[in-house]
Amino acid sequence: MPVHPRTALLSVSDKTGIVELARALHAAGVRLLSTGGTSRLLADAGLPVTEVAEVTGFPEMLDGRVKTLHPRVHGGLLARRDLPEHMAALAEHGIAPIDLLVVNLYPFAQATAREGCTFDEAIENIDIGGPAMLRAAAKNWAHVAVLVDPADYAGVLAEVQGEGVTRATRFRLARKVFAHTAAYDGMITNYLTALEPGAELAPEGVPVRTPFPAVLSLQLARVQEMRYGENPHQGAAFYRDVLPAPPAAAGGLLASYVQHQGKALSFNNIADADAAWECVKSFGERPACVIVKHANPCGVAVGATPAEAYAKAWKTDPTSAYGGIVAFNREVDAATAEAMQATKQFVEVLVAPGFSAEARAFFAAKANLRLLEVPLEGAAAASSTNAFDFKRVGGGLLVQAADAKNVAAAELRVVTKLAPTPAQLADLLFTWKVAKFVKSNAIVFGAGGATLGIGAGQMSRVDSARIASIKAGQAGLALAGSAVASDAFFPFRDGLDVVVDQGAACVIQPGGSLRDDEVIAAADEQGVAMVFTGTRHFRH
């Protein structure tokens, strides 16, 4: 049966839309109860509002810590209207039912995100009465409507003004409340269990926090269910992270995508699109294109325009590019769409920060092509999904910081007699950026802002080097004079010998092997330049 609210209790930290909601509720004949700042705001707006203290017979106490923790509030929320004994108990104690609850909580996440937030300030931003009321109303959803999100005000108000708040709406709102309070408790848990020992001894100080809480709470909202996972016999769904966390690397996250056309995304589509998007974002200074197949880049390039970058990336490995994911770090325009048409490449997903009207019209004819628009900048950058990298193991998760390290030219150490030229240095830094996103063991040949051959995921670095050269040969690309990047050190000189024999004129690698001297001597013997980064980029 629909609920026709007679009494509403409003107590919010986020005042967005609350006066307008209260005014409409009053016009619909609903009695308004409220607390503290919300009550004053409504009274200042000329609305007749009853303070909760008048209902409970107790003033707000302990600096506002105790306002609503009282049987006259919780009895009104929890009483089942279909049980005569419940209603008799309310009548005996003079408790009025509360049919609509509007509450949102102290801004704990916002408070603790402030640079100077002290331990005491964090503790005082832990809401007690709000979650208790929300849970009470949500438990009694069959009889009480509960609002925790201003985005739901208009829809519920329309039902109040109509036939009443429906059972389906009340249950939807109750589920939202329990998810919300679970997330709120998760934020508090993540904060408190990340504090370094002794934080409680300096309550007026700003506590030191470890990036890895002792208890890590995650909350993920399902975006879509999928037909299957990596393989047809596996079920799957896509979830988006909803818990706030300290800001991560700049740039938008794939989970903030807007899909403009095409059929539903698959599990593998999303995984590969994320790999392509993360890689292409790293070339923010120039228009870039990344083509990914099975989570590995098979073509990467920068150019004066997105169209030029695409044409160069596609030439790396046209065979593997078929059925791949293509990502750009610039708006896709008509010229880029025409360049893609010229190659006749079949593309599963196209990811970019925007699409021109002409490009949208061009791609509209490809009904199955998914166009994903992802902002390069924005609030989505603050996400624990981006701050942490997860890997499942039996019965648990491995959690690490995201690999956000980007090596600058000034950090490179020339270890050979021959130093790279400025042009070679640019090629080395380019191939190094690409290698970071290639599955280990990774070898990447490149020149002129484009990949020439990529070897990925082999147990032997020598095999990765050979595969990269084979791929270049199959694409008709010459490796003479190219730069080559290795995601980890060469443990022996054999890997270096293979890449130099194939035409590499300069090499970039982390260094750190027990046989570095042997490898450096081999590079000098071969007459090539080699630089060390001091940074490894394993990607498993």
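Here are a few things to note about the model shown:
- Heavy-atom accessible surface of the chain: percent carbon and sulfur, 1.4 Å: 56
- For the range 89-102, Karplus couplings with θ = phi - 60° (6.51, -1.76, 1.60), whole Hz, Gly/Pro x: 5, 4, 5, 4, 9, x, 9, 8, x, 10, 9, 9, 10, 10
- Paramagnetic reach from Asp185 in the range 135-176 [backbone N under 17 Å; point 7 Å along Cα→Cβ]: 135-140, 174-176
- Placing a label point 7 Å from the Cα of Leu418 along the Cα-to-Cβ line, the residues of the range 477-491 whose backbone N sits under 19 Å from it are 478-486, 490.
- Global geometry of the range 400-453, whether rounded, prolate or oblate, following the gyration tensor of its Cα atoms and the 1.5 cut on a/c: oblate
- Estimated 222 nm signal from helices in the chain, with DSSP H stretches of n ≥ 4 weighted -39500 (n - 2.57), rounded to 500: -10500 deg cm²/dmol
- Restricting the chymotrypsin sites (Phe, Trp or Tyr not before Pro) of the range 157-238 to loop positions (DSSP other than H, G, I, E, B) with no more than 16 neighbouring Cβ atoms within 10 Å leaves Tyr228.
- Which of Val531, Ile18, Ala456, positive extreme of dipole for the chain (C-beta unit charges): Ala456
- As a rough guide to protection, the peptides 321-327, 459-465, 8-14, 417-423 ranked by mean Cβ packing within 10 Å, highest first, stand as 321-327, 8-14, 459-465, 417-423.
- Neighbourhood charge, 14 Å Cβ-Cβ cut-off, centred on Glu92 and excluding it, Lys, Arg +1 and Asp, Glu -1: 0
- Across the range 474-540, Cα pairs under 8 Å and at least six residues apart give a relative contact order of 36 percent.
- Highest mean packing first, where packing is the average number of other Cβ atoms within 10 Å per residue, the peptides 83-90, 333-340 line up as 333-340, 83-90.
- As a calculated quantity, the FRET efficiency between His540 and Ala24 at R0 = 45 Å, using C-beta atoms, amounts to about 0.20.
- Pairwise FRET efficiency - Arg81 versus Ile128, Cβ, R0 = 22 Å, nearest 0.05: 0.25
- Here's how it looks for Val223: its modeled amide H is under 5 Å from those of Phe238, Tyr239, Arg240, which are all 5 or more places away or on a different chain.
- Solvent-accessible surface of the chain, averaged per residue with a 1.4 angstrom probe and all protein chains in place: 46 square angstrom.
- In the range 11-45, trypsin sites (Lys or Arg not before Pro) in a DSSP loop with at most 15 other beta-carbon atoms within 10 Å: Lys15
- Cα centre as origin, Lys/Arg/Asp/Glu Cβ charges: the range 255-303 dipole, Debye: 120
- Which of Glu92, Glu358 is most accessible, then next, and so on - probe 1.4 Å: Glu92, Glu358
- Value of relative contact order over the range 104-252, rounded to a whole percent, pairs C-alpha under 8 Å and six or more apart: 21
- Relative contact order of the range 292-332, defined on C-alpha pairs under 8 angstrom at six or more residues apart (%): 45
- Label separation (Asn368 vs Glu338): 2.7 nm, computed from points 7 Å beyond Cα along the C-beta direction.
- Rounded to the nearest whole Hz, the Karplus-based 3J(HN,Hα) values (6.51 cos²θ - 1.76 cosθ + 1.60, θ = phi - 60°) of the range 391-406 follow the sequence 9, 6, 10, x, x, x, 10, 8, 10, 9, 5, 5, 7, 9, 6, 10, with x at glycine and proline.
- Largest to smallest principal axis extent of the C-alpha atoms in the range 287-361, angstrom: 30, 23, 21
- Using a simple spin-label model with pseudo-atoms 7 Å out from Cα toward Cβ, Ala202 and Arg227 lie 5.8 nm apart.
- Working from label points 7 Å from Cα in the Cα-to-Cβ sense, the Asp149 to Ala304 distance is 4.8 nm.
The values are calculated or read from the model by the stated rules, or taken from the named source; none is laboratory data. Quantities reported herein were computed from a predicted structural model and do not represent experimental measurements. Every residue, glycine as well, gets a Cβ built from its backbone with ideal geometry; the counts of neighbours run over all protein chains shown. Surface areas here come from the heavy atoms of the whole protein model, side chains and all, with no ligands, DNA or RNA. Shrake-Rupley method; radii C 1.70, N 1.55, O 1.52, S 1.80 Å.
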